[in-house]
Amino acid sequence: MKMIKARNLHRDLGYFYIGLILSFASSGLLMNHREYWHPEKFTTETKAIQLQLPPQNEITELFAENLGKQLGIEEKMRRQMVKKGELRISYENHDIEIDTKTGKGEIISFVKTPFISQTMALHKKTSNWWIYYSDIFAISLITIAISGAIMIPAGKFTFKRRGWKLAIAGLVFPLLILLLLG
């Protein structure tokens with residue numbers, strides 16, 4: 001009787017969360033490799049520009065907003081910064097990158113990647129309802145793992161005979177990585 005309940009719980013939670021599991025897993029894979037590409041958006045146009053910039057101490061937020069308007073970008077500015085001799089200004093659908101010494105730079109136009117940008121937003125949401133839903137999801141994943149471990153009733157592949165060794169290996173591996181990289 002216990003095995004049937006564990007199997008049913010395991011199956012039903014698995015079915016209920018399959019979409020979220022696939023979404024989190026696929027967007028997590030994309031985020032893991034974001035240093036090679038930007039999965040949330042893709043570039044539609046890159047335009048070279050040449051400007052005369054003021055000294056770095058005069059490059060303020062107001063300057064960045066006005067520069068965007070002068071260059072024909074009417075959308076809201078998200079952030080601006082000067083880092084390693086480069087002025088970077090981010091907007092909703094554009095980025096501006098300009099070398100502060102030479103004034104050479106580019107305007108990059110982009111659009112959000114359909115579906116991928118929405119699934120990646122799941123990793124960044126911080127509203128209360130999403131946090132509670134994510135907590136329930138985490139508890140459900142723990143339940144899926146435990147019910148999956150106990151639902152094999154007998155034989156050489158049970159948790160008691162073999163599964164616990166794999167479970168410990170699965171716990172030790174990320175801990176070793178954390179210790180070695182930390």
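The values are calculated or read from the model by the stated rules, or taken from the named source; none is laboratory data. Just so we're clear, the structure is a prediction, and the values are computed from it rather than from any experiment. No Cβ is skipped: glycine too gets one built from the backbone with ideal geometry, and neighbour counts run over all protein chains shown. Ligands, DNA and RNA are stripped out before the accessible areas are found, and what is left, the full protein with its side chains, is counted by its heavy atoms. Shrake-Rupley method; radii C 1.70, N 1.55, O 1.52, S 1.80 Å.
Points to keep in mind about this one:
- The range 1-39: number of residues that are within 21 Å of Val111 (Cα to Cα) and touching a helix residue (DSSP H, G or I) at 6+ places or on another chain (Cβ under 6 Å): 3
- Filtered residues of the range 88-131 (kept if in contact with a Phe, Trp or Tyr (Cβ under 9 Å, 6 or more places away or on another chain), over 30 Å from Ile18 (Cα atoms), outside any loop (DSSP other than H, G, I, E, B) and not aromatic (Phe, Trp, Tyr)): His94, Asp95
- Checked against the criteria, Gly163 counts as surrounded by 11 or more Cβ atoms within 10 Å (Cβ to Cβ) and out of contact with any Leu (no Cβ under 9 Å at 6 or more places or on another chain).
- Filtered residue count, the range 31-42, keeping only those that are open to solvent by 40 Å² or more (accessible area, probe 1.4 Å) and closer than 16 Å to Pro114 by Cα: 4
- Applying a threshold of 8 Å to beta carbon distances and a minimum spacing of six or more residues, or different chains, the list of pairs starting in the range 152-165 at a residue that is free of Cβ contacts under 8 Å to residues at least 40 places away in the same chain and ending at one that is in a helix (DSSP H, G or I) and open to solvent by 100 Å² or more (accessible area, probe 1.4 Å) reads Gly155/Arg161; Lys156/Arg162.
- In the range 6-44, the residues that are within 17 Å of the chain's Cα centre (by Cα) and either assigned to a strand (DSSP E or B) or of a type in the set (A, V, I, L, M, F, W, C) (or both): Leu20, Ile21, Leu22, Phe24, Ala25, Leu29, Leu30, Met31, Trp37, Lys41, Phe42
- Residue count for the range 70-83, restricted to those that are open to solvent by 60 Å² or more (accessible area, probe 1.4 Å) and either at pLDDT 90 or above or in contact with a helix residue (DSSP H, G or I) (Cβ under 9 Å, 6 or more places away or on another chain) (or both): 6
- Only residues that are within 12 Å of Val82 (Cα to Cα) and surrounded by fewer than 10 Cβ atoms within 10 Å (Cβ to Cβ) were counted in the range 43-62, giving 3.
- Test for Glu92: is it among the acidic types (Asp, Glu), within 30 Å of Leu67 (Cβ to Cβ) and loosely packed, with under 14 Cβ neighbours inside 10 Å: yes
- Answer residue from the range 76-134, given it is closer than 19 Å to Thr43 by Cβ and basic (Lys, Arg) and is farthest from the chain's Cα centre (by Cα) among those: Lys104
- Residues of the range 52-75 that turn out to be assigned to a loop (DSSP other than H, G, I, E, B) and under 28 Å from the mean Cα position of the chain (by Cα), as a count: 3
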